[in-house]
Every structure is written in structure tokens, then in C-alpha cells.
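Let me begin by presenting the structure, written as C-alpha cells, before commenting on it.
The values are calculated or read from the model by the stated rules, or taken from the named source; none is laboratory data. Quick caveat, the model's predicted, so the values are computed rather than measured. Cβ sites come from the backbone with ideal geometry, for glycine too, and all protein chains shown count toward neighbours.
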Amino acid sequence: MLNIVTICIYSGVLIKEPNCEALLTLSNLHLVGNINAKTLLSYCGSAEAVLSEKKSALIKIPGINETIAKSIIHRQTSTHALKELAFMEKHNIRMLPYFDAYYPKRLKQIADSPLYLFVKGPMDLNSQRFVAMIGTRKNTLYGTQMTEQLVAGLKKYNVNIISGLAYGIDGIAHAKANATRSPNCAVLAHGLDTIYPKKHYSLAQEIINTGGVLVTEHLSKTSMHPNLFPRRNRIVAGMSDACIVVESGIKGGSMITAGISQKYNRTVFAIPGKKSDSMSIGCNQLIKSGQAMLCESAEDIAKVMKWDRISNHPSSQIELFKELGENQKLIIDLLQSKILSFDKLLVLSQIPLGKLTTLLLEMEMEGLIQGLQGNSYTAVLR
């Protein structure tokens, strides 16, 4: 049986999706896209229900015009979805719909987040801390040294590295994380049936072997295209708490990702370099314009992100507790020495659904609580 069962609450509507074939079919229909697909699911409850709905009902849904409704009603029978599910089963690939409890919570906050992700590897995508490490493909020795220094330094703060598996800074960041046995995440701009660049095939395998993960929104056999790299970059930015630009010219993918990170309200850091170094021009400009914070060490990042605030010393924890807001204190109290699901927290705290989702994400980013598998939480501050 290839079907995967996923149940979740989205916008107050219970979504039950037992049929990934239907979800794949819906998402690949002409003009539907991620945002429209999410709207359709929130109104109809499942992809199967959307595909069996009448046109008269579909066009009443916000954002769904007659052209989109016709593409759903008059869709052609295809075996692509079944072939994809068979490929997933053969290669031990997980499919995470956006309403799945294991879908990255940070990414879920973004309007254009993928309808689903394909994931290969054991890593929890809702780990407490993620930092995007990005930069030029034409790195210098200085860029290599700074990347390796930062990756090694961030390990003591339990930070997971995320990047795009490209040549240059991306590959160096992944390789250093592997060398320090730190689980890391590579986001791909293609399907999981291939690795680009090909020279990074062994690097990708080592990411999985060290407890990391390969992630993509694309089906297998998706053709490589330059337009797919910016789409990959939005996932890198969306899954992260912060973004570090190590080296970059004044233009390029790293500068685009830095801009996306800003748009998503992620903290952006940049490594300063000599004025005469072409691969430091972009970083220096980001710092000069106030778009990024100057960063020279892992400690700089930890301080800004407040990841160095929590100590095992009782007095420091008491002082930190005094600084918390009322809702934050309530959540910490509820999670003392126990693990609670999101639904349980919703009932016990009486905090509205949307507000609680945002609050828990913010508290995770501050290192106050830790998200666990099964959409559950525990307190870090005790």
C-alpha cells in the first residue's frame, strides 16, 4: 500500500489526506500552484474531495476562477502520481504535505511554502535551531576558513546547518558539518533521482549517513532549470532561523537569498572582507546598508539570536524567567518536566490557534522550548 495517512488542522478545518496520489495529481494541475492548492484543501478537506467537487462549488472558493476549476474538472488521467509514489517507496523517501506534523514549522509560516516536500534522511526538520550558510561558488581561502570556523563553532549551540549543496561555500559548509558529525540539511533544486552537481554525490550520501537530510519540492525526473534555484533558495531561507552570507559578489544567488531571508523576517549576518576582494563586495554592502549584521564568529551569532542566554545556573534561569511575557511564562509553566502536544497546549493555555502557533515558533527560536516529533513540545528553561 503506497498511500500515506496525514491528519492536521489548517485554518480551523480538519484535513484528512489518506491519498497522496490525489495530492500529487492536484498539485500538478495547470494554474493550481501551492497557494491555490492550500486554499482548495482548506475548503474541501482533502485532495480527493477537491478532485471530485463540482465546478459550481469550486468557483465559489476565493482565488479559484473558472479556468482553474475547468483544469480540475477536465483533468486527464495520468500515471505520474503512481510512478512517483513507487519511486518514493523504492528509495525510502518520505513525502511531507504542508499539513503534516513533521513538515518544517518555520517554512509553514510562509505564504508560498511548498504544498509538500520530498525528504530522504532521518533528520527532524523541526529541530530547535537552523542556520542557513550560503555564499559564492568561487570562494577564496578566507571564505573556506570562515565557513569551517563558523560551522564548527555553532555546533556547541546545537545549531543545524542548512544550505543548497552547490559548489563553493554550500559544499564546504556541508562537508564541515559532516566532518564534525553534525546533522545538516541540503535543499535541492531538482528531484531526488539525481544529485547536482554530480561531484557532490558522495557528499550528499554522507549527509544522510551522518543523520542529515536531503530535501526538495520537486518530483523525480524534474529537468534542471535556472529558475528552480531561486525557488530552492526560498526554502533554504524559510527553514532557517538566521542566514549567514560568507562570501558574495554584488549580485548572485546568495544576495537573492539574503533578500528573501529579510522578507521572511529572518536575521541576516554577513562576514566582512577586504574592500579590494571581489568576493567580499556583496557582504560588505549588506553590512554597510544595514541589511545584515556583521559577523566574525559563532559567538556573534549566538549572542544576537540569544542562544547563549540559557544557562544551567539556577540564578540565571530565574532572571530570564522574569523577562518573559505572560503567555511565554504560561507555556513554560505548562511544559515543566513534561511533554505536551500542540492540541493539548491549545486546550490548556486557551491561547487562540494562530497566536499559539506564532508564540511557539518564537519561543523555539529563542531556545525557550524544544519542538519534538509528533508536533509536541518540552521546556528547555526549567
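Here is a yes/no grid of residues against (1) in contact with a helix residue (DSSP H, G or I) (Cβ under 7 Å, 6 or more places away or on another chain); (2) surrounded by 18 or more Cβ atoms within 10 Å (Cβ to Cβ); (3) within 17 Å of Ala177 (Cβ to Cβ):
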residue	(1), (2), (3)
Gly45	no, no, no
Leu51	yes, yes, no
Gln76	no, no, no
Thr147	yes, yes, yes
Asn160	no, yes, yes
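Restricted to the range 181-240, and to residues that are touching a residue at least 40 places away in the same chain (Cβ under 8 Å) and among the basic types (Lys, Arg), which residue is surrounded by the fewest Cβ atoms within 10 Å (Cβ to Cβ)? In this case the residue turns out to be Arg231.
Selection of first residues in the range 320-347 that are under 16 Å from Gly367 (Cβ atoms) and part of a helix (DSSP H, G or I) and of second residues that are modelled with pLDDT under 80 and charged (D, E, K, R), restricted to Cβ pairs under 7 Å at least 6 apart or on distinct chains, gives the following pairs, ordered by first then second residue: Leu320/Arg309. Checked against the criteria, His74 counts as farther than 27 Å from Leu96 by Cβ, out of contact with any Lys or Arg (no Cβ under 8 Å at 6 or more places or on another chain) and modelled with pLDDT under 90.
Restricting Glu366, Glu362 to those that are charged (D, E, K, R), buried (at least 16 other Cβ atoms within 10 Å of the Cβ) and out of contact with any Cys (no Cβ under 8 Å at 6 or more places or on another chain) reduces the list to Glu366. It is to be established whether one or more residues within the range 3-24 are hydrophobic (A, V, I, L, M, F, W, C), crowded, with 21+ Cβ neighbours inside 10 Å and at pLDDT 85 or above. Yes, the range 3-24 contains a residue that is hydrophobic (A, V, I, L, M, F, W, C), crowded, with 21+ Cβ neighbours inside 10 Å and at pLDDT 85 or above. Only residues that are out of contact with any Asp or Glu (no Cβ under 8 Å at 6 or more places or on another chain) and surrounded by 14 or more Cβ atoms within 10 Å (Cβ to Cβ) were counted across the range 58-70, and they come to 6. Within the option set Lys306, Lys275, being closer than 19 Å to Glu366 by Cα, of a type outside the set (A, V, I, L, M, F, W, C) and more than 15 Å from the chain's Cα centre (by Cα) holds for one residue only, Lys306. Residues that are more than 23 Å from Val159 (Cα to Cα), at pLDDT 95 or above and touching a strand residue (DSSP E or B) at 6+ places or on another chain (Cβ under 6 Å) are absent from the range 237-256. When Ile110, Ile72 are checked against the criterion of being β-branched (Val, Ile, Thr) and assigned to a loop (DSSP other than H, G, I, E, B), Ile110 stands alone in meeting it. So which residues in the range 23-71 are of a type in the set (D, E, K, R) and under 24 Å from the mean Cα position of the chain (by Cα)? Hit for the range 23-71 is Lys38, nothing else.
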